[in-house]
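Student: Quick one: this structure, given as structure tokens, is what I'll be asking you about.
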Amino acid sequence: GHGDPAHPGSGSVSEPEVSVIVPTRNRSQRLVVALRSALQQQGVGLEVVVVDDGSTDDTRELVARIDDPRISYIHRDDPGGVSVARNLGIERARGRWIAFLDDDDIWAPTKLSRQVAAMVAQGRTWSYAGEVLVDGTARVASQSNGTTAYQVVNGHCGCRDFEKAPHALCKHRLGAAI
């Protein structure tokens with residue numbers, strides 16, 4: 001790859017492999033943890049597009065303090081909801097793949113590289129991952145469907161699919177907005 005030696009797998013900011021879309025509103029403290037987990041992804045070049053859906057807290061300032069050229073920040077004055085924020089993020093995305101990260105989630109360090117590799121190997125255009133719920137001490141509290149396996153799916157998906165599977169990863173420019 002063409003990564004930064006200081007950030008293995010970070011890829012070129014001008015040509016990210018994955019665009020991570022992070023909608024947020026008034027949850028700056030949780031957002032910082034989510035962004036850290038995205039920026040620490042291993043083996044994949046990425047950009048992170050934070051779409052602030054009308055926050056009135058210190059979200060803008062906290063994102064600005066994160067010194068990483070892979071982050072871009074978009075602020076909407078009038079809140080439009082998570083779907084509007086995700087679609088705006090997709091419009092600004094430059095990566096081959098689109099991943100959604102909720103502002104209160106964290107990712108395992110190899111989540112994206114493993115998910116992309118599975119999709120490429122199977123010739124798929126989208127997939128989703130299970131989730132593991134952790135408590136305040138980062139101990140596993142529960143897992144969705146008893147698994148953390150990546151689900152690679154044939155075909156396309158629509159808005160309802162992403163509402164049910166917010167941990168989705170799909171090929172950019174599938175056609176319709178979600």
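The values are calculated or read from the model by the stated rules, or taken from the named source; none is laboratory data. As the structure is a prediction and not an experimental result, all values here were calculated from the model. Positions of Cβ are generated from backbone atoms using ideal geometry, with glycine treated the same way; all protein chains shown enter the neighbour counts. Remember, those area values only see protein heavy atoms, side chains included, never the ligands or the DNA or RNA. Shrake-Rupley method; radii C 1.70, N 1.55, O 1.52, S 1.80 Å.
Residue-by-condition table, conditions (1) under 23 Å from ALA117 (Cβ atoms); (2) under 13 Å from the mean Cα position of the chain (by Cα):
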| position | (1), (2) |
| --- | --- |
| ARG30 | no, no |
| VAL33 | no, yes |
| SER37 | yes, yes |
| GLN42 | yes, no |
| ASP58 | no, no |
| VAL63 | no, no |
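Student: When you scan the range 68-82, do you find a residue that is in contact with a strand residue (DSSP E or B) (Cβ under 7 Å, 6 or more places away or on another chain), open to solvent by 60 Å² or more (accessible area, probe 1.4 Å) and assigned to a strand (DSSP E or B), even just one?
Tutor: There is at least one residue in the range 68-82 that is in contact with a strand residue (DSSP E or B) (Cβ under 7 Å, 6 or more places away or on another chain), open to solvent by 60 Å² or more (accessible area, probe 1.4 Å) and assigned to a strand (DSSP E or B).
Student: Please name all residue pairs, on different chains or six or more residues apart, with Cβ atoms under 9 Å, provided the first residue is in the range 87-112 and is of a type in the set (S, T, N, Q) and the second residue is assigned to a loop (DSSP other than H, G, I, E, B).
Tutor: ASN87/GLY80; ASN87/ALA177; ASN87/ILE178; THR110/GLN41; THR110/GLN42; THR110/GLY43; THR110/VAL44
Student: Of all residues in the range 84-99, which are open to solvent by 40 Å² or more (accessible area, probe 1.4 Å) and of a type outside the set (Val, Ile, Thr)?
Tutor: GLU91, ARG92, ARG94, ARG96
Student: Something else now. Could you figure out which of (1) modelled with pLDDT of 95 or more; (2) more than 17 Å from the chain's Cα centre (by Cα) isn't true of ILE71?
Tutor: So ILE71 meets the others, but not (2).
Student: Right, something else. Find the residue count for the range 43-61, including only residues that are under 22 Å from ALA99 (Cα atoms), without any contact (Cβ under 8 Å) to a residue 60 or more places away in the chain and not small (Gly, Ala, Ser).
Tutor: 9
Student: Keeping to the range 58-67, report how many residues are open to solvent by less than 60 Å² (accessible area, probe 1.4 Å) and not polar (S, T, N, Q).
Tutor: 4
Student: Give the residue, chosen from VAL63, VAL48, that is β-branched (Val, Ile, Thr), assigned to a strand (DSSP E or B) and at pLDDT 95 or above.
Tutor: Answer to the check: VAL48.
Student: For the condition at pLDDT 90 or above and surrounded by fewer than 17 Cβ atoms within 10 Å (Cβ to Cβ), what is the one hit in THR110, THR137?
Tutor: Among THR110, THR137, only THR110 is at pLDDT 90 or above and surrounded by fewer than 17 Cβ atoms within 10 Å (Cβ to Cβ).
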